[in-house]
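The values are calculated or read from the model by the stated rules, or taken from the named source; none is laboratory data. Remember, predicted model here, so these are calculated numbers, not experimental data. No Cβ is skipped: glycine too gets one built from the backbone with ideal geometry, and neighbour counts run over all protein chains shown.
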Amino acid sequence: MEEIVSKDNKKIKFLKKLGVKKYRNKLGKFVVENVAIIYDAINSGYEPETLFMTQKILDSDCNKVKSIVKKVGPENLFIITEDVNKHFSNLETASGIVAVYNKNKKNKVNFENKILYLNNVKDPGNLGTILRSSIAFGVSEIVLDEGCVDLYNPKVIQSAKDAIFKVNATFDKDKQVLQEIKSKMKVFVTDVGGGMEVKNAFVNKSKFCVVLGSESHGVDKIVKSLADEMINIKSDPEMESLNVAISAGIILYEIYNS
């Protein structure tokens with residue numbers, strides 16, 4: 001195992017770059033800084049390209065760490081100092097372990113499945129929570145438009161956990177994918193102003209698309225114009241709106257139980 005002690009090491013400079021969206025896009029890679037996520041991903045068949053960890057983590061009694069090291073192998077494992085880890089880490093407190101993964105190749109939308117379409121969802125924590133809820137309730141088909149936060153943003157990954165590996169995520173530009181979706185299935189758009197009550201929307205429907213909008217403005221006007229049906233979560237009128245991740249959880253639960 002190679003030990004890296006310098007912040008100027010080319011591998012460390014590479015890891016530093018992966019903290020920035022444009023380099024993740026250019027290099028086609030992203031990082032995960034969480035033992036549990038890396039362990040769960042490996043158990044689901046997603047192995048990292050390379051692994052970096054401090055000696056303290058390597059020497060720990062954590063069974064998950066031991067399992068990860070065994071699976072990755074010494075040829076793909078690099079030991080780093082705690083100072084080096086702090087230098088490139090995207091976390092407030094560096095975790096001592098970093099795995100590098102290849103980003104998914106451009107996936108195609110599976111139009112035979114239920115689809116969740118995200119319009120301008122900006123908050124990384126919200127996106128990550130939505131992804132976890134989607135997997136929990138059996139909707140793995142996710143489409144993100146160009147206004148959404150980067151799927152591989154470190155804060156999204158920390159929130160999404162291993163759901164980041166389990167969703168079939170595709171990306172839309174200029175509503176082209178949404179137009180195609182509309183030509184193949186019914187499109188439901190969430191609207192705080194009214195519409196069909198969500199608990200009644202999905203009964204006896206095998207495939208459809210649900211659109212969720214941004215935290216501050218909801219679904220934009222162009223997307224709303226493509227809706228076949230507006231849906232609404234019934235709640236106390238004194239509450240203006242729900243957080244988008246909470247709304248997603250409620251809607252996905254109703255889909256799962258419809």
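Considering only residues that are of a type in the set (S, T, N, Q) and assigned to a loop (DSSP other than H, G, I, E, B), look in region 176-209 and name the one that is surrounded by the fewest Cβ atoms within 10 Å (Cβ to Cβ).
204
Enumerate the pairs (first residue in region 138-151 and in the same structural domain as residue 210 (by TED's automatic domain parsing); second residue anywhere and part of a strand (DSSP E or B) and hydroxyl-bearing (Ser, Thr, Tyr)) with beta-carbon separation below 7 Å, excluding pairs fewer than 6 apart on the same chain, so at least 6 apart or on different chains.
Close Cβ pairs (under 7 Å, with a partner that is part of a strand (DSSP E or B) and hydroxyl-bearing (Ser, Thr, Tyr)) amount to 143/117; 143/170.
If you take the residues in region 142-175 that are outside any loop (DSSP other than H, G, I, E, B) and hydroxyl-bearing (Ser, Thr, Tyr), which one is farthest from residue 15 (Cα to Cα)?
Here the residue is 170.
Give 155, 175, 186, 182 a once-over and let me know the one that is at positive phi and at pLDDT 95 or above.
Testing whether each residue is at positive phi and at pLDDT 95 or above leaves just 175.
Being aliphatic (A, V, I, L, M), within 24 Å of the chain's Cα centre (by Cα) and surrounded by 15 or more Cβ atoms within 10 Å (Cβ to Cβ): is that true of residue 226 here?
So residue 226 fails the test.
Being in the same structural domain as residue 177 (by TED's automatic domain parsing), under 21 Å from residue 129 (Cβ atoms) and at pLDDT 95 or above, is that true of even one residue in region 199-208?
The answer is no; no qualifying residue exists.
Tell me, which helices (runs of 4 or more DSSP H) lie completely within region 38-90 with 3 or more residues that are assigned by TED's automatic domain parsing to the domain that holds residue 18 and farther than 22 Å from residue 12 by Cβ?
63-72
Quickly run through region 210-258 and pick out the residues that are in a strand (DSSP E or B) and either without any contact (Cβ under 8 Å) to a residue 60 or more places away in the chain or farther than 20 Å from residue 178 by Cα (or both).
218, 229, 230, 231, 232
If I filter region 21-37 down to residues being touching a Leu at 6+ places or on another chain (Cβ under 9 Å) and in a loop (DSSP other than H, G, I, E, B), which single residue comes out as farthest from residue 83 (Cα to Cα)?
Result: 34.
I'm told residue 100 meets every condition in (1) β-branched (Val, Ile, Thr); (2) over 24 Å from residue 2 (Cα atoms); (3) part of a strand (DSSP E or B) except one. Can you identify the failing condition by its number?
(2)
Provide a single number: the residues in region 113-126 that are in contact with an Asp or Glu (Cβ under 9 Å, 6 or more places away or on another chain) and either assigned to a helix (DSSP H, G or I) or more than 19 Å from residue 247 (Cβ to Cβ) (or both).
The qualifying residues number 3.
May I ask you to list the residues in region 199-223 that are under 21 Å from residue 121 (Cα atoms), aliphatic (A, V, I, L, M) and more than 24 Å from the chain's Cα centre (by Cα)?
222
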